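First the structure, in the form of structure tokens, and then the observations on it.
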Amino acid sequence: MSLLVVGLSHRSAPVSVLERASLSADTQGKLLQDALAAEPAAEAAVLATCNRIELYADVDKFHAGVAELSTLLSQHSGVGLEELTPYLYVHYEDRAVHHLFSVACGLDSMVVGEGQILGQIKDSLALGQELHSAGRLLNDLFQQSLRVGKRAHSETGIDRAGQSLVTFGLEQLADGTPTEEWAAGRTALVIGAGSMSSLAAATLARAGVAEIVVANRTRERAERLVQILTEPGGTGVRARAADMVSVGDELARADVVVSCTGATGLVLRTEDVEAALEGRKGRLALLDLAMPRDIDAAVHRLDGVRLVDIESLAEASADAPMAADVDRVRTIVAAEVAAFGAAQRAAHITPTVVALRAMAADVVASEIARLEGRLPDLDERQRAEVSQTVRRVVDKLLHAPTVRIKQLAAEPGGAGYADALRTLFDLDPETVASVSRADVTDADIKNRGRV
């Protein structure tokens, strides 16, 4: 395993850099294709969220891999390499596994313990499978990270260590007032209809707002979200869809606005908010969860406006208390990293063991054929008995060494056992490679659609 991750996040880079480095869905696909075309990378996956951009790859050369992945991130993000490099972090092999498992558990999130990252990892895996950029290693890694994240949430109280970004943002807007009390009877405008906006709308509905207006560039998606919010047995909130051209009018009627779109420019400018404030009573609460930002940061200077964005959330969450359950999650992560490494090392030697057994089978078949030529008078029962006896002897001779070598290979530093086995038995490298290729094909078939 030569797993490498190069990335930047809210922990390593200022929001201004993260905004400029954000990747659209199309750009992520192109990044993966270029990563595969690069010489050091055999597999690639990209994890891009509102506060992190990470490129994972299976590489054969560490330094060349770091240089290539860093260059690709720079090219596709549009941020110059010299400017980007100081904010990049690099993790390799077990440290890279540890990092992704920590991310999946919410330990590396802006709000510790938030669960939305699992959906984003799931999306990253789906994209890698769709573009065939994720092979056996990254399929195994991302599938396992999802299981580790779910285990952390089910076996510990990590959820109590922090809330989702939406919930935390609304708490910041409420400024000390219980969210349900602050939200009761208000009118909310949700701009965007993606996963984050949908989560925001559902959270607002549960908090007790009186009405939710959903505005989106594609009206059908806004109407679909409205249907979900108002379906029988739901929250009972009033909801309706609106076109983006009417956002100014809706802004004037709203008490709270949550915006999270994929727009590359500002959705709400200072003059838009200023116009909405004319003649209205009460404060306007704005929550910007987009990266890059949807709402002009300058609106916080306007009287009657409270703005919470990704940058202010990062500052607020830095002082948030961490629950004792975080230590339990770290223990889970450490154990899962060790188990993943052992499984990968054991899998690395499997093709060699299979090739050894195939060679032994060929030797048995050749010797049985030679024996039949020298003893043509043997009847079918005798031939079968001789053949079974020879195969049984070979199986018994190979059983203990192959079982033991799998155990040894699973231990740290056990990667060299495969090379030793190939040398001792003079195994054909192409035979071993063909078994490995077959394993990759089987893994692709097995994992396709399992997200």
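The values are calculated or read from the model by the stated rules, or taken from the named source; none is laboratory data. What you see is a predicted model; the values in this text were computed from it and never measured. Neighbour counts are summed over all protein chains in view; Cβ atoms, including those assigned to glycine, are modelled from backbone coordinates with ideal geometry. SASA here: full protein model, heavy atoms, side chains in, ligands and nucleic acids out. Shrake-Rupley method; radii C 1.70, N 1.55, O 1.52, S 1.80 Å.
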Every residue from segment 84-115 that is within 23 Å of Ala38 (Cβ to Cβ) and either open to solvent by less than 10 Å² (accessible area, probe 1.4 Å) or touching a Lys or Arg at 6+ places or on another chain (Cβ under 9 Å) (or both): Leu84, Tyr89, Ala96, Val97, Leu100
Within segment 19-43, residues open to solvent by 20 Å² or more (accessible area, probe 1.4 Å), small (Gly, Ala, Ser) and touching an Asp or Glu at 6+ places or on another chain (Cβ under 9 Å) come out as Ala42
Which of the residues that make up segment 223-263 are over 25 Å from Trp182 (Cα atoms) and among the aliphatic types (A, V, I, L, M)? Met244, Val245, Ala263
List pairs: first residue in segment 163-189 and under 29 Å from Asp108 (Cβ atoms), second residue modelled with pLDDT under 95 and open to solvent by 60 Å² or more (accessible area, probe 1.4 Å) anywhere in the structure, Cβ distance under 6 angstrom, at least six positions apart or on different chains. Thr179/Glu171
Which residues, taken from segment 218-243, are surrounded by fewer than 18 Cβ atoms within 10 Å (Cβ to Cβ), in a helix (DSSP H, G or I) and of a type outside the set (D, E, K, R)? Gln227, Ile228, Thr230
Name, by its number, the condition in (1) at pLDDT below 85; (2) out of contact with any helix residue (DSSP H, G or I) (no Cβ under 7 Å at 6 or more places or on another chain); (3) of a type outside the set (Val, Ile, Thr); (4) over 20 Å from Arg95 (Cβ atoms) that does not hold for Ala369. (1)
Among the residues of segment 300-358, the number that are within 25 Å of His10 (Cα to Cα), open to solvent by 20 Å² or more (accessible area, probe 1.4 Å), modelled with pLDDT of 80 or more and over 24 Å from the mean Cα position of the chain (by Cα) is 5
Only one of (1) at pLDDT below 70; (2) open to solvent by less than 50 Å² (accessible area, probe 1.4 Å) is not met by Ser387, so which one is it? (1)
How many residues does segment 259-279 contain that are touching a Ser or Thr at 6+ places or on another chain (Cβ under 7 Å) and either on the phi > 0 side of the Ramachandran plot or open to solvent by less than 10 Å² (accessible area, probe 1.4 Å) (or both)? 1
Inter-residue pairs, beta-carbon under 9 Å, first at negative phi and in segment 375-400, second open to solvent by 80 Å² or more (accessible area, probe 1.4 Å) and basic (Lys, Arg), 6+ apart: Val394/Arg357; Asp395/Arg357; Leu398/Arg357
Can you name the residue in segment 190-200 that is of a type outside the set (A, V, I, L, M, F, W, C), touching a residue at least 60 places away in the same chain (Cβ under 8 Å) and open to solvent by 10 Å² or more (accessible area, probe 1.4 Å) and is also nearest to Val111 (Cα to Cα) among such residues? Ser195
Members of segment 139-164 that are more than 28 Å from Leu4 (Cβ to Cβ) and crowded, with 19+ Cβ neighbours inside 10 Å: Thr156, Ala161, Gly162, Gln163, Ser164
I'm trying to understand the selection: among the residues of segment 44-67, which are assigned to a helix (DSSP H, G or I) and surrounded by fewer than 22 Cβ atoms within 10 Å (Cβ to Cβ)? Phe62, His63, Ala64, Val66, Ala67
Can you tell me which residue is nearest to Leu251 (Cα to Cα) among those in segment 172-195 that are in a helix (DSSP H, G or I) and either modelled with pLDDT under 90 or in contact with a Lys or Arg (Cβ under 7 Å, 6 or more places away or on another chain) (or both)? Leu173
So, of the residues in segment 109-148 that are part of a helix (DSSP H, G or I) and of a type in the set (Asp, Glu), which turns out to be nearest to Ser12 (Cα to Cα)? Asp123
